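Everything below concerns the one structure shown next.
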Amino acid sequence: MDYLSLCLVCKDENHYLPEWLDYHILLGVDRFYIYDNESHVSLRTSLAAYIQRGWVVVIDAPGQAIQLNAYDHCLRTFGAHTFWLGFIDTDEFLLPKTNSNLKDLLKEFEPYAGLAVSSLFFGSNGHLVRPLQGQLAAYTTRVDAAIHEYQLVKSIVQPRWVIMPNSPHDFIYQENQSCVNEVFLPVEYQRFPTHTEKIQLNHYYCRSAHEIKQKLQRGNAQSVAWQRDRFDTLNHLATTPDDSAPQLLARLLDEPGQNSAAQVTALFEKMARAAHQLSPNQPPSQSSARMSAIRPELALWLQKKAAWEAAKAGNDLANVLRLGQEMLQLHPHYIHLLVVMAVDCLAVNDPASAWQYLSHAWQLSPNKNYNVLSGMVFFFLWTDNFTMAEKTSRLILDFAPTDVQVTGLLVSSLIGLGRRADALQVGLPLLALAGSPGWQLSDRLAISLFNSLAGYLLEDHNYLLAQRLWEQAVSWRPNDPGLQLQLAQTCLLAGDPQSARRWLASVLALAPQNEQALQLLRQVENPASPSTRAA
């Protein structure tokens, strides 16, 4: 039996695979199950040497949106032949940081059904075409790990405890089994606060400009349509240096000092030679296979999940709750869905049902469960239990200190408790981030916080700081006449009628019949009028 295998779905990315395979062979992977999604050059041809040596098993996987079916097929077909099975892509590389071998790192996670590895997203490094030195050496700047949009995980699972894939990132496990991250926090969903002290997943998402164009034309193994601005935004944000992959290889191959292009090229040539000298400990269980039709249980789950997501996108709460119940009938111990259902129940003014869902989730996973604790904060705020909301928010922030959403909930708790100074101390730096990458506060929560904290500042006659706060709000939502009106009023209190006039004109450009703006503008234009003096 193998200890660690990787599953991969690939279409027309043949030239990336030698580097990807050689790297992971050196890090201790025993086997690779690669699903060929109709590549123009068959992987059986381009990977013939790896197949002959026993490293690779190729499975034909025709069709569209086949990724989850491929993952499910791999679990059912090959899962019994490996202790751990990881699911990543050709632009993703596992990088252990406390061990040079993935097997050594995984030993301490054997009591758990899965290990969720945080992804770090890398940009193009200015490359216009595919660099000759490969992905690991060419791309060495990434997005900051604290940006929420990029806080995703990929999974390495024990197949015996997995029911089915839920997405390319996360899986549904058998009852009483759990996936954890590197610090043993339960992870049930693809989005999770980043932890990369022991292991990270380098995701070379953008590659070069030419490769981005090819990727958009090719599509992917899901039903997702990528947008070009996703790549442009990531490239703009990828400013954090990270050459951890070449450094790991240098240590592994005893090649210190990779400062020149020639040295880097020599390092990766040595990696390939070292990998080609290795052979698997045992032959594969089978040398080839063809993917079967999607399993009915998986098809049913994905069908209901798609309908549920569509209902949520349309704010159709009645169908959201109905479909969520049907999904829970299929998998009643799916903790993430229990928490989402609880929050949805609050949205329809049903706190009793919300608490039932949260209680069930807590029984299934007590302790420090990010999803369950987050749901608890929403419940405590909804029921005006601000003391518990504060305590629970601070507990989450102990292990997710950069979580903007939870910080916003903490500020709401402090406001509810009437702790003005604490709310301002935590809330003002938070709202200064409005509109920045990774900002994930809901509009409703953000506007509530802007109103409350600005109100505190005005009560303290701190008009200038209140003005700056509303300027931040307008910068976040530049076409919101309500925010601009608040800013104009605050400018007047701050003794800045010129700015007030400018913002009132902007309000009226957006909402010409806004009576309050018209009245204020008349007052600004006629400061000596009785109505103005009375105001």
Notebook entry, point to check: In vacuo Debye scattering of the stretch 136-269, one point per C-alpha: log10 I(q)/I(0) at q = 0.13, 0.16 Å⁻¹?
Noted result: -0.76, -1.06
Next item on the list: For the stretch 399-450, divide the Cα radius of gyration by the Kirkwood radius and give the resulting Rg/Rh value with two decimals.
Entry: 0.94
Check: With no solvent and one point per C-alpha, what does the Debye sum give as log10 I(q)/I(0) for the stretch 113-184 at q = 0.14, 0.24 Å⁻¹?
Finding: -0.60, -1.01
Note to self: From the helices alone, meaning DSSP H stretches of at least four residues, give me the mean residue ellipticity at 222 nm for the chain, per-run term -39500 (n - 2.57), in deg cm²/dmol to the nearest 500.
What the structure shows: -15500 deg cm²/dmol
Note to self: Ranking request for peptides 242-250, 135-143, 508-516: highest mean number of other beta-carbon atoms within 10 Å first, then the rest in descending order.
What the structure shows: 135-143, 242-250, 508-516
Next item on the list: Any cysteines in the chain with zero other Cys Cβ atoms under 4.7 Å from their Cβ? List them, or say none.
Entry: Cys10, Cys179, Cys206, Cys345, Cys491
Check: Antiparallel as a % of all DSSP beta bridges within the chain, to the nearest 5?
Finding: 45
Checklist line | Dipole magnitude of the stretch 2-277 about its Cα centre (Cβ charges: Lys, Arg +1; Asp, Glu -1), debye to nearest 20 | finding: 340
Next item on the list: Output the peptides 337-349, 431-443 sorted from most to least packed, where packing is the average of other Cβ atoms within 10 Å over each peptide's residues.
Entry: 337-349, 431-443
Next item on the list: Hand me the tally of lysine pairs in the chain: alpha carbons under 24 angstrom apart, and the pair either on different chains or 8 or more positions apart.
Entry: 21
Notebook entry, point to check: Taking only Cα atoms, what is the 0 to 90° angle, nearest 10, from helix 497-510's long axis to the longest principal axis of the chain?
Noted result: 60
Checklist line | the chain - Rg and Dmax from Cα coordinates, angstrom | finding: 26.9, 93
Note to self: Above 31 Å lies some portion of the pair distances; for the stretch 297-534, what is it as a whole percent of all C-alpha pairs?
What the structure shows: 38
Notebook entry, point to check: Which angle from 0 to 90°, rounded to the nearest 10, does the C-alpha axis of helix 17-26 make with the longest principal axis of the chain?
Noted result: 80
Notebook entry, point to check: How would you order 193-203, 99-109 from highest to lowest mean count of nearby Cβ atoms within 10 Å?
Noted result: 193-203, 99-109
Note to self: Once you keep just the Cα pairs under 8 angstrom separated by 6 or more residues, what percentage relative contact order results for the stretch 297-534?
What the structure shows: 9
Next item on the list: Using Cα pairs closer than 8 Å and at least 6 residues apart in sequence, work out the relative contact order for the chain, in percent.
Entry: 12
Check: Any idea what log10 I(q)/I(0) is at q = 0.10, 0.12, 0.17 Å⁻¹ for the stretch 2-277, Debye with uniform C-alpha scatterers and no solvent?
Finding: -0.48, -0.72, -1.64
Note to self: Using Stokes-Einstein with the Kirkwood hydrodynamic radius over Cα pairs, what translational diffusion coefficient do you get for the stretch 234-276 at 4 °C and a viscosity of 1.567 mPa s, in µm²/s rounded to a whole number?
What the structure shows: 113
Item checked: Relative pair counts by distance (%), Cα atoms of the stretch 1-66, 10 Å bins -> 21, 57, 20, 1
Next item on the list: Only Lys, Arg, Asp and Glu count, each charged at its Cβ (+1, +1, -1, -1), so figure out the dipole size of the chain about its Cα centre, rounded to 20 debye.
Entry: 360
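Since every read-out is calculated from the coordinates, none of them should be taken as a lab result. These figures come from a predicted structure and were not determined experimentally. Note: ideal-geometry Cβ built from the backbone for every residue, glycine included; neighbour counts use all protein chains shown.
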